[in-house]
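S.K.: Questions regarding the structure given below will be posed in turn.
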Amino acid sequence: MAGEQRRAGAHVTSLKRVLVANRGEIAVRIIRACREAGIESVAVYSDADARALHAGLADRAERLGPPPALQSYLNIDAVVDAARRSGADAVHPGYGFLSERADFARAVEAAGLTFIGPPADAIERMGSKIAARALMANAGVPIVPGSTPADQTDGGIAEATRGIGFPVLIKASAGGGGRGMRVVRSEDDAVELIGAARREAAAAFGDGTLYVEKLIERPRHVEIQIFADDHGNVVHLFERECSLQRRHQKVVEESPSPALAPAVRERMGAAAVAAARAAGYRNAGTIEFLLEGEGDGASFYFLEMNTRLQVEHAVTEAVTGVDLVRAQLEVAAGAPLPWTQESLRQRGHAIECRLYAEDPSTDFLPQAGPLLLYREPSGPGIRIDAGVVEGDDIGVNYDPMLAKLIACAETRPAALERTIAALRTFPILGIRTNIPFLLRVLQHRDVQSGAVHTSFLDERLTELTTPANPSPAAIAAAAFADRIRMRDAAIGVADGAPRSADPSDPWTRLENWGR
Ligand code: MV4
């Protein structure tokens, strides 16, 4: 069947069956891309996911093991065995789980399969933040002023911090995601913070090697999507603004960044392409930058390279019109990039919100339970990438992200309006979600004006979560009231039947309930 569906002349002919080493919305996204390309898909699942959407959607499904990720989605031997068993010729790792493990990429290739991602050496190289920093400096990519002390004793690191000038940020070479980081504001507490950073890094990564950078206060996180093939072609697909994070977990992403002037965008794109070339990269990747200031006077510095497809890739797809997962399949099969740099344009504005099964009023405690009701909004410019369906049981074994909502429109204000309207008509019952929190975030004046930075959510958490959240029932009632009004309008029920003139009357405007 797959063979008949394959389009003549498509570049993907050398891939016949792809094992998707992931779960949730990204597994669903990849399975759909395979189906479109005429490639068979193989899902993997843990015992907790035997009836999950991704497992049912693929052409076949292989069991990995018990629910804990270490025994299932993180078990390299189990995943490679499943690939062999199923006759797959390639493996897509998705994001998270094994996606940035060089040993996994090597195990896949040692089994004679194609890894749909970068070369294992590139993953490894970028895993060391110190090595990545040195590589970027050599390639002419701007890095934050700082140093890597050869003398890794407390005294050696402390001396390096003095050389930079306070405030300084101590970072772990094996770090990422903010672990093993400490801000040092004066000489007095340097030695204590150095020890704490080293211990945290050694415990988390088994490697306590540290480096130091000048602290950039309240920077933005702006990243550039890059793509490289096996034929020496490297392009960038513009930026994503990802400053709205809570404890290093992204919450809202958008493109374009409200802070990026065209000239800075062009320099950042060129720097990202140079970074990918220096890394010996192939397939989809992301270069993370810190942005200091905004407009033409802004400065940017290399932060890290993410050697995978990211959650927020859909924002890039919305503003460029490309299919990044399809391109991953083609490039992994040895085809040249489907675009030249000149053919790529950034058009309109896209915003992504991550919907999590978590309760903002109890410090974002992950929520488990039945998805009694789950109705996705739809309409022009609305895309939902979900890993769940109504009736699913949401567990606590894995990441609590339920779905992503991506809204695009011609302008940023229109995209914001569209996002907010869609979130208000997304009824979910059975478990609490972060939808009320997302609505407060998006309506905040600083988010509306685009004046956000990486500490924004953590600094404003109280004001964004303290006001009584509407109950799930109130949200569901408001969403259904909208639908009933639409139906009434369609059948003319409201014709000649005046409603209350009072705009605060909840029967007039049900969406005001609880908000
Ligand atoms: C920084 C920084 C300020 N100055 N480096 C956080 C995670 C790690 N990947 C790098 N991080 C940062 N590095 C210097 N020299 C601020 C952060 C940072 C951050 C960066 C990106 C997104 C969110 C963040 C939240 C807090 C701090």
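Every read-out reported here was derived from the displayed coordinates using simple, explicitly stated rules and does not represent laboratory data. All figures in this text were calculated on a predicted structure; none of them were measured in a lab. A quick note on method: Cβ atoms are made from the backbone with ideal geometry, for glycine too, and the neighbour counts reach across all protein chains shown.
S.K.: Explain nothing, just the number: dipole magnitude of region 327-460 about its Cα centre with +1 on each Lys and Arg Cβ and -1 on each Asp and Glu Cβ, in debye rounded to the nearest 20.
M.R.: 500
S.K.: With point charges of +1 on the Cβ of Lys and Arg and -1 on the Cβ of Asp and Glu, referenced to the Cα centre of the chain, which listed residue (MET401, PRO380, PHE205) lies farthest in the positive direction of the dipole?
M.R.: PRO380
S.K.: Just going by the charge dipole of the chain, with Lys and Arg at +1 and Asp and Glu at -1 on Cβ, which of ALA481, ILE435, GLY295 is farthest out on the positive end?
M.R.: Ranked along the dipole, the leading option is ALA481.
S.K.: Moving on to the next point. Of LYS129/LYS214; LYS171/LYS404; LYS129/LYS404; LYS250/LYS404, which ones are farther than 19 Å apart at the Cα? Provide the component values of the computation, followed by the final result.
M.R.: Numbers: LYS129/LYS214 15 Å; LYS171/LYS404 31 Å; LYS129/LYS404 29 Å; LYS250/LYS404 12 Å.
Over 19 Å apart, Cα to Cα: LYS171/LYS404; LYS129/LYS404.
S.K.: Further, regarding this structure: Bin width 5 Å, alpha-carbon pairs only: give the P(r) of region 23-127 as whole percents, running from 0 to the bin holding the largest distance.
M.R.: 2, 13, 24, 27, 21, 10, 3, 0
S.K.: A further question follows. Checking the a/c ratio against 1.5 first, then a/b against b/c, what shape does the Cα gyration tensor give for the chain?
M.R.: It is oblate, given that a/c is not under 1.5 and a/b is not larger than b/c.
S.K.: Quick one, what does Rg over Rh come out to for region 162-262 if you take C-alpha atoms and the Kirkwood Rh?
M.R.: 1.07
S.K.: Report, in debye and to the nearest 20, how large the dipole of the chain comes out about its Cα centre when Lys and Arg carry +1 and Asp and Glu carry -1 on their Cβ.
M.R.: Around 720 debye, computed over the chain.
S.K.: Taking the highest mean first, how do the peptides 122-129, 361-368 order by number of other beta carbon atoms within 10 angstrom per residue?
M.R.: 122-129, 361-368
S.K.: Can you pull the one-decimal nm distance between simple spin-label points at ARG218 and ALA134, each 7 Å off the Cα toward Cβ?
M.R.: That separation, rounded to one decimal, is 3.6 nm.
S.K.: Only residues of region 244-269 count here: report those whose backbone N is under 16 Å from the spot 7 Å along Cα→Cβ of ALA414, or say none.
M.R.: Taking a point 7 Å out along Cα→Cβ of ALA414, the residues of region 244-269 whose backbone N falls under 16 Å are 255-256.
S.K.: Continuing with this model, one more query. Hey, how many Å between the Cα centroid of region 70-113 and the Cα centroid of region 153-183?
M.R.: Result: 35 Å between the Cα centres.
S.K.: Here is a follow-up. Once you sort the root eigenvalues of the Cα gyration tensor of region 243-291 as a ≥ b ≥ c, which label holds: rounded (a/c under 1.5), prolate (a/b larger than b/c) or oblate (the other case)?
M.R.: In terms of gyration-tensor shape, oblate.
S.K.: With +1 assigned to the C-beta of every Lys and Arg and -1 to the C-beta of every Asp and Glu, and no other charges, what is the dipole magnitude of region 62-119 about the Cα centre in debye, to the nearest 20?
M.R.: Values: 5 positive and 7 negative charges, 18 e Å.
My answer is approximately 80 debye.
S.K.: Right, something else. Rounded to the nearest 500, what is the 222 nm mean residue ellipticity of the chain from helices alone, with -39500 (n - 2.57) per DSSP H run of 4+ residues and division by all residues?
M.R.: The helix-only estimate for the chain comes to -10000 deg cm²/dmol at 222 nm.
S.K.: For the chain, calculate the relative contact order in percent as a whole number, restricting contacts to Cα pairs under 8 Å that are 6 or more residues apart.
M.R.: After rounding, I find 12 percent.
S.K.: What is the distance in Å between the Cα centroid of region 224-266 and that of region 396-467?
M.R.: What the calculation gives is 20 Å, centre to centre.
S.K.: Next question. Kindly state, to the nearest 0.05, the FRET efficiency for ARG460 paired with ALA111, given R0 = 56 Å and r defined as their beta-carbon distance. Don't jump to the answer; show the numbers that get you there.
M.R.: Numbers: r = 48 Å, r/R0 = 0.86.
Efficiency for this residue pair is about 0.70.
S.K.: Now a separate question. Can you give me the three principal axis dimensions of region 384-425 from its C-alpha atoms, in Å, biggest first?
M.R.: Computed over region 384-425, the largest-to-smallest principal extents equal 38, 18, 12 Å.
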